[in-house]
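Colleague: Sharing a structure here in structure tokens format.
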Amino acid sequence: MTQRPNILFIVADDLGFADLGCYGGREAAFGPVSPVLDQLAANGIRFTQGYSNSPVCSPTRFALMTARYQYRLRGAAEEPINSKSKGSQTLGLPPAHPTLPSLLRGAGYRTALIGKWHLGYPPTFGPLKSGYEEFFGPMSGGVDYFSHASNNGTHDLYAGEEEKHEEGYLTDLLSQRAVDYVRRMAPGAAQGTPFFLSLHYTAPHWPWETREDHALSQEVKDNLFHLHGGNIHTYRRMIHHMDEGIGWVVEALRETGQLDNTLIVFTSDNGGERFSDNWPLVGGKMDLTEGGIRVPWIAHWPAAIAPGGVTQQHCLTMDWSATMVELAGATPDAQYPLDGVSLAGVLRQPSNTFERPLHWRMNHRGQRAMRLGDYKYLRVDGNDYLFNIPADERERANLGKHQPERLAAMRAAWEAWNASMPPIPEDATISLGYSYKDMPQR
């Protein structure tokens, strides 16, 4: 049996499906956008049909942490949790709920979150209350890369539960902290105590700032949505800064002898935003069309994953959490059964695919979706659609009138699944930072 791996779970923020070179992204003027991630994919396995649990940030993070459908928790009904929820005792990840880090910690892992939390504010909620031994990063959804202030103007960078004022570009600060953590944990790992590190970047989330854009920090402090700025060039440079930092962490793993037995998983919390490349998909963040939920999934683990793997296995964020629970030898809490399904067999043999029905719902625009095999059932604004995804990834050819029986069966299956989940609460909020009044719709 393979020794239990260290686990490095890297999550980008609002990264589009085709933003990385290994997912078909074009080179930028400065060269390849994501050479480190492209190399990890080449030396590991790449999923072409992988999804996020939600098309918006905090709901996906609830699923990631619990390995369960986020709809089971009140806080995840917010689309997304916003800074007005500060002080709330309901809008967050309940400390009593078992989590991926708490289960791994119980199985003997060291645990840390470096980066974005976005699952409720102290004193009721926080990473240290949900299984992490260490935390460094912002509590809210989006922060300025230089001032580290959230959208309401308050400073939002923490070490543990204490505010931490530190100079520097946030993406680099997170990468450097991750390098330090790997170096500190490596001796223990060499002696049989593995570590679990969540590295949750805010990149390439707005505001649109590269390392050289310190002056913009003052300009956008009253509205981090940065509606008057940004462009594809800045955006791709932000991805490149993140990719470079991931390279620093990979190098630290290599130098400490831990790379071979570290499972590195990379993804995005949802589909792309304003400047993302989602080709060939349509839509983006907040949409249940493919562009809002189909995301990159890369796994690298030299001790167990053969290089050059590509798989069409369907999966959701919570499946990766369930995979990590299994590989860590942890035991789920019987009172909180996992909805996630382990992908361990696929990692070892990419052709070992299995049928995996996937379900989503959104309060925003009354959206619902289900993926089963080649087909997808979708509802947006009261309109029902049926698409054959391999044949029509852009979801332009509605087959509903041509295959009414299949549409009816998938609708009924979605409704049966939905009946097994708590209903969307009346007071759940939808927070849109901009609308078609700010820019034309897709």
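The values are calculated or read from the model by the stated rules, or taken from the named source; none is laboratory data. These numbers were taken from a predicted model, which means no experiment stands behind them. Reconstructed Cβ throughout: ideal geometry from the backbone, glycine too, with neighbour counts over all protein chains shown. Accessible surface is based on the protein model in full, side chains and every heavy atom, while ligands, DNA and RNA are left aside. Shrake-Rupley method; radii C 1.70, N 1.55, O 1.52, S 1.80 Å.
Colleague: Note down the net charge around S198, summing +1 for each Lys or Arg and -1 for each Asp or Glu among other residues with Cβ under 11 Å from its Cβ.
Modeller: +1
Colleague: So, with a 1.4 angstrom probe, what is the percent of accessible area on the stretch 73-218 that is carbon and sulfur?
Modeller: Answer for the stretch 73-218: carbon and sulfur cover 50 percent of the accessible area.
Colleague: Now for a different question. Run through the DSSP bridge list for the chain and note the antiparallel percent, rounded to the nearest 5.
Modeller: 55 percent
Colleague: Right, something else. Among the GluC sites (Glu not before Pro) in the stretch 167-214, which ones are in a DSSP loop with at most 14 other Cβ atoms within 10 Å of the Cβ? Mind listing them?
Modeller: Filter output for the stretch 167-214: E167, E212.
Colleague: Right, here's the next one. Quick check for you: with a 1.4 Å probe and neighbouring chains kept, what is the accessible area per residue of the chain, in Å²?
Modeller: Heavy-atom accessible area per residue stands at 38 Å².
Colleague: Further question on the same structure: How many angstrom lie between the C-alpha centres of the stretch 231-303 and the stretch 360-383?
Modeller: 25 Å
Colleague: Shifting gears a bit: What does the highest-first list of 68-76, 339-347 look like by mean Cβ count within 10 Å?
Modeller: Going from most to least packed, we get 68-76, 339-347.
Colleague: Another question about this same structure. Could you order the peptides 221-232, 45-56 from most to least packed, using the average number of other C-beta atoms within 10 Å per residue?
Modeller: 45-56, 221-232
Colleague: Further, regarding this structure: Could you tell me which residue out of F136, W208, A416 lies farthest along the dipole of the chain toward its positive end? Charges go on the beta carbon: Lys and Arg +1, Asp and Glu -1, centred on the Cα centre.
Modeller: A416
Colleague: Let me ask you something else. Could you work out what % of the accessible surface of the stretch 295-442 is carbon and sulfur, using a 1.4 angstrom probe and leaving DNA, RNA and ligands out of the count?
Modeller: 50 percent
Colleague: While we're looking at this one, here's another question. Among rounded, prolate and oblate, which fits the chain when a ≥ b ≥ c are the square roots of the eigenvalues of its C-alpha gyration tensor, a/c under 1.5 means rounded, and a/b larger than b/c means prolate?
Modeller: Here the chain falls in the rounded category.
Colleague: While we're here: Calculate the FRET efficiency for T124 and A409 from the Cβ-Cβ distance with a Förster distance of 45 Å, rounded to the nearest 0.05.
Modeller: The computed FRET efficiency comes out at 0.60.
Colleague: To continue, here is another question. Please find the FRET efficiency linking F30 to I424, where r is the Cβ-Cβ separation and R0 is fixed at 35 Å, and quote it to the nearest 0.05.
Modeller: The computed FRET efficiency comes out at 0.20.
Colleague: I'd like the Karplus ³J(HN,Hα) series for the stretch 238-251: coefficients 6.51, -1.76, 1.60, θ = phi - 60°, whole numbers in Hz, and an x wherever there's a Gly or Pro.
Modeller: Residue by residue, the stretch 238-251 yields 4, 5, 5, 4, 4, 4, 4, x, 4, x, 4, 5, 4, 5 Hz.
Colleague: Could you sort the peptides 148-157, 182-191 by per-residue average Cβ neighbour count (10 Å cutoff), highest mean leading?
Modeller: Answer by packing, highest mean first, reads 148-157, 182-191.
Colleague: Also, I was wondering about something else. Using amide H atoms built in the peptide plane, which far-off residues or other-chain residues are under 5 Å from D260 H to H?
Modeller: Here nothing satisfies the definition.
Colleague: Counting Lys and Arg as +1 and Asp and Glu as -1, each charge on the Cβ, what is the dipole of the chain about the Cα centre in debye, to the nearest 20?
Modeller: Taking the Cα centre of the chain as origin, the dipole is about 1020 debye.
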